[in-house]
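Below you'll find the structure, written out as structure tokens, and then a few comments.
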Amino acid sequence: MKNIIIEGKVFKFGDNVDTDQIIPARFLDTSDPEKLSKHCMEGVDENFSQRVSKGDIIVAGRNFGCGSSREHAPLSIKGCGVGAVVAVSFARIFFRNAVNIGLPIVEISDFKAKTEDEVSIELNKGKIRNKTSGEERRFSEFPVFLTRIISAGGLIEKTREDLIERD
């Protein structure tokens with residue numbers, strides 16, 4: 001399986017960033033990732049969606065994505081073009097929703113980065129490197145089935161691929 005490499009600039013956030021901060025409830029009248037992306041992270045950084053570039057990486061603390069179980073939160077992040085979210089820990093439902101829509105997430109407790117640092121992540125190899133500081137850490141490699149879901153762009157897309165292969 002092809003190694004998934006994600007490289008981008010860091011946007012740093014703290015602990016307990018909840019789904020209302022990721023995508024405020026007043027914007028939940030759509031499930032369109034492009035529309036949601038315009039308000040992504042607005043609860044903690046009003047200008048995030050204007051500053052983020054395709055491939056950039058969110059680095060956060062503990063319990064990222066806590067709160068409601070809405071799939072809109074990871075959809076808005078993916079819609080902004082964020083390449084991955086790295087955190088000390090994730091709310092379980094956010095973790096699952098992120099995988100389901102094909103948003104790469106990395107759980108690691110000892111990775112240090114600040115806003116504007118350049119980071120490289122090799123999902124299949126379980127390696128993350130802060131290119132700015134030179135620090136490199138290991139994390140648990142993604143299981144093959146999760147890597148396939150992420151590579152396909154989400155669970156629905158992976159299921160479509162599987163059904164096409166069967167025909």
Q | Extension gain (nm, one decimal) between Ser53 and Ile156, 0.36 nm per residue minus Cα-Cα | A | 34.5 nm
Q. What is the set of long-range amide H partners of Ile105 at a cut-off below 5 Å, with H atoms built 1.01 Å from backbone N?
A. Val85
Q) Hey, with R₀ at 22 Å, roughly what FRET efficiency would Asn124 and Lys38 work out to, going by the Cβ-Cβ distance, to 0.05? A) 0.10
Q | Full-extension gain in nm, Phe145 to Lys112, via 0.36 nm per residue minus C-alpha separation | A | 9.1 nm
Q | Relative contact order for the chain, counting Cα pairs under 8 Å that sit 6 or more residues apart, in percent | A | 24 percent
Q: Any chance you could get the radius of gyration and Dmax over the Cα atoms of the chain, in Å?
A: 15.2, 49
Q: Sorted from largest down, give the three principal axis spans of the alpha carbons of region 52-144, whole angstrom values.
A: 36, 27, 24
(Q) How much of the DSSP bridge set in region 5-166 is antiparallel, in percent, rounded to the nearest 5? (A) 50 percent
Q | Whole-angstrom gap from region 10-42 to region 70-124, using each part's C-alpha centre | A | 13 Å
(Q) Could you work out [θ]222 nm for the chain from helices alone, using -39500 (n - 2.57) per DSSP H run of at least four and dividing by all its residues? Round to the nearest 500 deg cm²/dmol. (A) -8000 deg cm²/dmol
Q: Using only C-alpha positions, report the orientation-averaged shadow area of the convex hull of region 10-99, nm², one decimal.
A: 4.7 nm²
Q) Taking Lys158 as the anchor, which aspartates and glutamates have their alpha carbon closer than 18 Å to its alpha carbon, excluding any fewer than eight residues away along the same chain? A) Glu71, Asp167
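None of the figures in this text is laboratory data; all of them are computed from the coordinates on show. Since this is a predicted model, take the numbers as computed values, not measurements. Because the Cβ atoms are built from the backbone with ideal geometry, glycine has one as well, and the counts that use them run over all protein chains shown.
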